[in-house]
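I have placed the structure first, in the form of structure tokens, so that the comments after it can refer back to it.
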Amino acid sequence: MSLSASIDIASQSLANINLGFDIISQNVANASTQGYQAEQPVLLSQDAGGVGLGVASGPTQLATAPALQAQLYQQNAVASYAGTASAALADLQPVAGSVGQGNDLGSLLTNLQSSFSALLNDPSSQTQQEAVVSAAQGVAQQVNALSSAYGTARQTAQDGLVSNVAALNTALSTVGSLNRQIVALTAQGVSTADLQNQRNQALSTISGLVSANFVELPSGAMDVFTTGGTQLPTDGSATLSIGAASTGAAAASASRLMTATSKPLCARASAMARSLIGYQAKKIPVGHFFSPAVRARARV
């Protein structure tokens, strides 16, 4: 081997080492970046006629474990669902009261029943009449407070659906744009690791909004499916939509506007929206608990 060839091999080796350091530096800098996967250099041996000519750098690849990545995406949806449900219930808990503390609806109804039983034994007792009225007021106030809290929670869930569908469309569009770039560069034999990392961040966003499966094609593109098998649009040919609505019948109508494609969407808000949409409580006057005769006697 000539001196010139030896120098070329040494120079190429130094270039490979520098590339490795650059990749390590990038991995460390992005260690806390959501969705980022470590990159690793690919080294290719070179020879001519059986004579070694050193090692060349190939396209950088991601150091990925597909099975673990799929589990991560699944857990993103589970954690997002649990977080949303917990936040919604946390807002309702103070209004619902605590069992055994006398301020929950069950305890208040029990107190009202006991007051009616006492009044039945002595219908003419002004004290017993006032006790029934007081107990009924407590129940009515609690029901009205719950009605207001459920309405607020339902509106929050509906607003969350609208916001999450918009975020999902943005993430799907990002995946589609990156797919096109990755396919083009893959065909040229150029590294797409950086673009794949950007796409992984979008996939992480999607997995937090909807339970989804991701399928990588031989071309390098990534298709997105719901767990029910419906393919979500990433090519810009269609978008998902849901109508905004306020509480009441309009909110229930808006929820039915979700297309077959978007039906399983939005893990963050869909559970609370489905459980709260359609609930429309009315303010309850205290007098509704009594007959006209009792209302007249007790001046309810």
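Near Ser191, the amide H atoms lying under 5 Å from its own belong to Thr60; only residues 5 or more places off or on other chains count, and H is placed 1.01 Å from N.
Computed from phi, the 3J(HN,Hα) profile of region 175-180 under the Karplus parametrisation 6.51, -1.76, 1.60 (θ = phi - 60°) reads 4, x, 5, 5, 4, 5 Hz, with x in place of Gly and Pro.
Applying a 10 Å radius around every beta-carbon, put 59-66, 147-154, 129-136 in order of their mean neighbour count, most first. Mind showing how you got there, number by number?
Values: 59-66: 14.0, 147-154: 18.4, 129-136: 19.9.
Result, highest mean Cβ count within 10 Å first: 129-136, 147-154, 59-66.
Residues in region 209-221 carry Karplus couplings, in order, of 9, 8, 5, 9, 10, 10, 10, 8, 8, x, 6, x, 6 Hz; the curve used is 6.51 cos²θ - 1.76 cosθ + 1.60 with θ = phi - 60°, and Gly or Pro positions show x.
Got a sec? Charge dipole of region 108-249, +1 on Cβ for Lys and Arg, -1 for Asp and Glu; which of Ser211, Gln231, Ser117 is way out at the positive end? Sorting the options by dipole projection puts first Gln231. If you average the C-alpha positions of region 89-125 and of region 1-30 separately, how far apart do those two centres end up, in angstrom? Cα centroid of region 89-125 versus Cα centroid of region 1-30: 78 Å apart. Across region 200-207, computed HN-Hα scalar couplings (Karplus, 6.51 cos²θ - 1.76 cosθ + 1.60, θ = phi - 60°) run 4, 5, 5, 5, 5, 4, 4, 5 Hz from first to last residue, x flagging Gly and Pro.
Close amide H pairs (under 5 Å, H built 1.01 Å from N) link Gly54 with Gln46, residues at least 5 positions away or on another chain. In this structure, the amide hydrogen of Leu43, modeled 1.01 Å from its nitrogen in the peptide plane, lies closer than 5 angstrom to those of Gly58, counting only residues at least 5 positions away or on a different chain.
We did not get these values from a lab; they are worked out from the coordinates using the rules stated. All figures in this text were calculated on a predicted structure; none of them were measured in a lab. Note: ideal-geometry Cβ built from the backbone for every residue, glycine included; neighbour counts use all protein chains shown.
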